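Notes for the one structure printed next.
The values are calculated or read from the model by the stated rules, or taken from the named source; none is laboratory data. Computed from a predicted structure; not experimentally measured. Glycine gets a Cβ as well: all are built from the backbone with ideal geometry, and neighbour counts include every protein chain shown.
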Amino acid sequence: MTRPSLLPRPVRVPAALLAALWLSAAGETRATETGLRKVEDLTIYADARFHCAFPSLVRRPDGELLVAFRRAPDRRLLGEKGVLHVDPNSYLVLVRSRDDGRTWTKEPQLIYSHPFGGSQDPCMVQLSDQSIVCTSYGWAPVTADALAKLPAGTMPHYSKRFVFMGGYLVRSVDGGNTWSAPIFPPAAAGETRVDLVGRPLPAYNRGAMCEGRDGRLYWVVAVRGATQLMVSGDKGATWQDAGVVARDAKATFGETSLYETPKGDLVAFMRTGGLDNRLAIARSSDRGRTFQPWVDAGFQGLPFYALRLPDQRVLLVYGYRTKPFGIRARVLDAECTNAAAASEIVLRDDGGTADLGYPWAGVIGKNRVLVVYYFNQADGPRTIDGTVLQLE
């Protein structure tokens, strides 16, 4: 049964009002009611030859920033009518900054290129031992003749030009300079589909997993419109199914970011279908053994990422794919109980089309936050951009 929306409608702050809050007549910035002050927007990576999207961010112990993203040719330059999020030449790369995001390496470093097709959405998490785990998933290009010969249970997509390959993980123990061979997780419970050679479809998700205070990795994966929790006790080498996060007869869930609160609750922020793109939240208070019934937070966004701020509050960032296109945020309490009531902050409202968003965030420098996302203006090249916020 679809859950009703809880709490009053959130306040949407117009861009002009935010400008008045952030900028004085002398051009100086002011703090908002949330204690956040916008400092600047910046471009992290841009190359007009490529469609760049779906970034993630980690900050190394020495302060170095790593931003990973998916890069593929901009097919419009090759005569195509538009750009797709599935491409046989998409692969995972990263760039670095050693000065809190002011400058970035110009040539991306390869993380992984799948030998059978394109890779999507590199989602990095830095573990307590300083290793980095990066999840992804992929699509294999196929011809019409080959499609008819594939095993039953494969998942064709994009005009039946590609077949889904499921998810995988790679791991780095040297700050992202080198990466392991891919680790293929088992299929999640309830998954009946197979990959292009007939093996059970490896679990997958776009969104942040989290390392719990118990040292285990918690990962919410997508299973045919529902979400399932998987847990690893060996830093992602092996995985066990831990049960259902959210399932509904009408709504669908996916692209989930998971967050652990100071009290130890696991909070899943889920992108939805069938709910007008509104956020759904599911919570576990017993280390993921069970999740409470999901709730409709009442506001649009897709997808979401939650960052713990130095004062224990949580910055929730998300893409906004309804005009005016851009990036938005809310500041939640430490236990993430007030998502629907928290005021909405417009970080960007100058996007050219809905092909943007997928933000990630990290604390940088002293009381500053960098929000990274992919962006376009006037339907131009897709770039990896960022917004710097000051905590006051």
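If we scan region 161-178, do we find a residue that is modelled with pLDDT under 95 and among the charged types (D, E, K, R)? Yes; the residues of region 161-178 include at least one that is modelled with pLDDT under 95 and among the charged types (D, E, K, R). Of the residues making up region 318-336, those that are assigned to a strand (DSSP E or B) and under 21 Å from Ser284 (Cα atoms) are Val331, Leu332. Considering the conditions (1) in a loop (DSSP other than H, G, I, E, B); (2) touching a residue at least 40 places away in the same chain (Cβ under 8 Å); (3) surrounded by 23 or more Cβ atoms within 10 Å (Cβ to Cβ); (4) not charged (D, E, K, R), Thr227 is excluded by exactly one of them, (1). Screening Arg313, Arg328, Arg271 for residues that are over 19 Å from Trp219 (Cβ atoms), buried (at least 17 other Cβ atoms within 10 Å of the Cβ), within 19 Å of the chain's Cα centre (by Cα) and among the charged types (D, E, K, R) leaves exactly one candidate, Arg328.
Leu84 fulfils the conditions (1) modelled with pLDDT of 95 or more; (2) under 20 Å from the mean Cα position of the chain (by Cα) except for a single criterion, (1).
All of (1) surrounded by fewer than 21 Cβ atoms within 10 Å (Cβ to Cβ); (2) in a loop (DSSP other than H, G, I, E, B); (3) of a type in the set (D, E, K, R); (4) within 22 Å of the chain's Cα centre (by Cα) hold for Asp174 with one exception: (4).
Listed here are the residues, each with its yes/no results for (1) surrounded by fewer than 19 Cβ atoms within 10 Å (Cβ to Cβ); (2) within 27 Å of Leu266 (Cβ to Cβ); (3) of a type outside the set (A, V, I, L, M).
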position: Thr322; (1), (2), (3): yes, no, yes
position: Leu332; (1), (2), (3): no, yes, no
position: Cys336; (1), (2), (3): no, yes, yes
position: Ala339; (1), (2), (3): no, yes, no
position: Tyr358; (1), (2), (3): no, yes, yes
position: Leu370; (1), (2), (3): no, yes, no
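Here's the yes/no breakdown for (1) more than 24 Å from Leu302 (Cα to Cα); (2) of a type outside the set (Phe, Trp, Tyr); (3) under 20 Å from the mean Cα position of the chain (by Cα):
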position	(1), (2), (3)
Asp145	yes, yes, no
Pro151	yes, yes, no
Phe162	no, no, no
Ala181	yes, yes, no
Arg193	yes, yes, no
Asn205	no, yes, yes
Asp214	yes, yes, no
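Each residue in region 61-79 was checked for being out of contact with any Pro (no Cβ under 9 Å at 6 or more places or on another chain) and crowded, with 22+ Cβ neighbours inside 10 Å, and 2 of them qualify.
Considering only residues of region 102-154 that are buried (at least 19 other Cβ atoms within 10 Å of the Cβ) and small (Gly, Ala, Ser), which is nearest to Val371 (Cα to Cα)?
Ser136
Restricting Leu302, Leu316, Leu275, Leu279 to those that are at pLDDT below 95 and under 22 Å from Ala354 (Cα atoms) reduces the list to Leu302. For Ala280, the criteria (1) in a strand (DSSP E or B); (2) closer than 23 Å to Gln126 by Cβ hold in every case but one, which is (2). Test Ser56 against the stated conditions and say whether it is among the polar types (S, T, N, Q) and in contact with a Lys or Arg (Cβ under 7 Å, 6 or more places away or on another chain). In short, no.
With the requirement that a residue be at pLDDT below 95 and under 28 Å from Glu211 (Cα atoms), what does region 101-143 give you? None - no residue of region 101-143 is at pLDDT below 95 and under 28 Å from Glu211 (Cα atoms), so the list stays empty.
Candidates Pro115, Pro108: the one that is in contact (Cβ under 8 Å) with a residue 40 or more places away in the chain, more than 23 Å from Thr353 (Cα to Cα) and not aliphatic (A, V, I, L, M) is Pro108.
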